[in-house]
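Structure first, then comments.
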Ligand code: NDP
Ligand code: 8X3
């Protein structure tokens, strides 16, 4: 039960963390259209359950969802043991779960925000990757795709700890590629600029008006734009490893250089 050159993901298993919203949800839809079997994880069970019927309708032959907080190392270990036992080690792992909290100068930052970002974006990604990789190596195939960010390339005011977590993701993508030399396992990152999702609502703890202003006056990237890039990266032939993809909206050329419509300076 493997994919063919024309349908490379048919019956392949794609695992996506943070699949209950935004980019992760869009990735689930993109891989469903390709006929992939989906293993989805996030904390909001009701969101995952609501998503499942549409994924089956789009063409996914199987959708397994799991309520998971990637910060919980024990839960990650137990879950992946279950996946291994039931033959669900993925061909593609999309390490997408992540978030930002706040935009304060570092000297005014909240410790709880730092803990949440570091524990999710860095340690959560490490938990899932560390536990899955030996299985991927054993099965002789696998592709890890990390959601980095342009925030992992260039810092911006108030980005401080979020920037640090995404610099860490970039370092881990590079480091994993070194550690996996000689294996068929590929490691990639997709590093977007502004994507209009729930990201800024989460960053500003539900302040929707402030979140809306982040994307005002420009055509931001959509979650579907990023999902298409993730799908493309994953669809490269096995001897091709696209290590890094940086993508901005055309109106944005750097985290802090954005051309907005004149009425939204
Ligand atoms: P959303 O807020 O729309 O989605 C984030 C997803 O991550 C949700 O499904 C959420 O699910 C999940 N998540 C958060 N914390 C955890 C956790 N502890 N355990 C499991 N799942 C978790 O944001 P985006 O889709 O925009 O963000 C997805 C990724 O893309 C993040 O890594 C983000 O840093 C990155 N990114 C986003 C950009 C943007 O501009 N939007 C640009 C560059 C990168 P739940 O709450 O149900 O657990
Ligand atoms: C998300 C993009 O610029 O809001 O990583 O940090 S940005």
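Read-outs throughout are calculated quantities, based only on the coordinates presented, and are distinct from any laboratory measurement. Note that the structure is predicted; figures quoted are calculated from it, not measured. All Cβ positions, glycine included, derive from the backbone under ideal geometry; neighbour counts span all protein chains shown.
To the nearest 500 deg cm²/dmol, what mean residue ellipticity at 222 nm is calculated for the chain from DSSP H runs of n ≥ 4 alone, each contributing -39,500 (n - 2.57), summed and divided by the residues?
It lands at -12500 deg cm²/dmol.
Helix 160-179 against the longest principal axis of the chain: what's the angle in degrees, Cα atoms only, rounded to the nearest 10?
In the chain, helix 160-179 runs at an angle near 30 degrees to the longest axis.
Give me the base-10 log of I(q)/I(0) for the range 220-265 at each q in 0.23, 0.32 Å⁻¹, Debye formula, one uniform scatterer per Cα, rounded to two decimals.
-0.87, -1.16
Please determine, in degrees from 0 to 90 and to the nearest 10, the orientation of helix 45-58 with respect to the longest principal axis defined by the Cα atoms of the chain, where the helix direction is its Cα long axis.
60
Build a GNM of the chain with springs between Cα atoms under 10 Å: which of 220, 41, 32 gets the top mean-square fluctuation?
So, out of 220, 41, 32, the one fluctuating most is 220.
If we sort 15-25, 133-143 on the protection proxy, mean other Cβ atoms within 10 Å, highest first, what's the order?
Taking the mean over residues of other Cβ atoms within 10 Å, the ranking is 15-25, 133-143.
Along each of the three principal axes of the Cα atoms of the range 15-100, give the extent in whole Å, ordering the values from largest to smallest.
33, 33, 21
When the chain is treated as a GNM, springs tying every alpha-carbon pair under 10 Å, which of 35, 152, 206 comes out with the largest mean-square fluctuation?
Ranking 35, 152, 206 by mean-square fluctuation puts 206 first.
For the range 1-59 and the range 99-164, compute the distance between their C-alpha centroids and round to whole Å.
First find each Cα centre; the distance between them is then 22 Å.
How would the chain be classified by its alpha-carbon gyration tensor: rounded, prolate or oblate, with rounded meaning a/c under 1.5 and the a/b versus b/c comparison settling the rest?
Note, shape of the chain comes out prolate.
How far, in degrees from 0 to 90, does helix 223-235 lean away from the longest principal axis of the Cα atoms of the chain, to the nearest 10?
Approximately 40 degrees, to the nearest 10.
Listed highest first by mean packing, meaning other Cβ atoms within 10 Å per residue, what order do 186-196, 154-164, 71-81, 233-243 come in?
Peptide ranking by packing, descending: 186-196, 154-164, 71-81, 233-243.
If I stretch the segment between residue 263 and residue 212 completely, what's the gain in nm (0.36 nm per residue apart, minus their alpha carbon distance), one decimal?
Result for the pair: 16.9 nm of gain on full extension.
What shape does the range 134-265 have by the C-alpha gyration tensor, where a ≥ b ≥ c are the square roots of the eigenvalues, rounded means a/c under 1.5, and otherwise prolate means a/b greater than b/c and oblate the rest?
Because a/c hits 1.5 or more and a/b exceeds b/c, the range 134-265 counts as prolate.
Give me the percent relative contact order of the range 144-250, please, defined on Cα pairs under 8 angstrom at least 6 residues apart.
Averaging sequence separation for qualifying contacts and normalising by length gives 33 percent for the range 144-250.
Return the inverse of the average 1/r over all pairs of distinct C-alpha atoms in the range 186-240, which is the Kirkwood hydrodynamic radius, in Å to one decimal.
12.9
In percent, what relative contact order does the range 23-93 have, based on Cα pairs under 8 Å that are 6 or more apart in sequence?
Reported as a whole number, the value is 30 percent.
So for the chain, averaging the separation of alpha carbon pairs under 8 Å that are six or more residues apart and normalising by length, what relative contact order in percent results?
After rounding, I find 18 percent.
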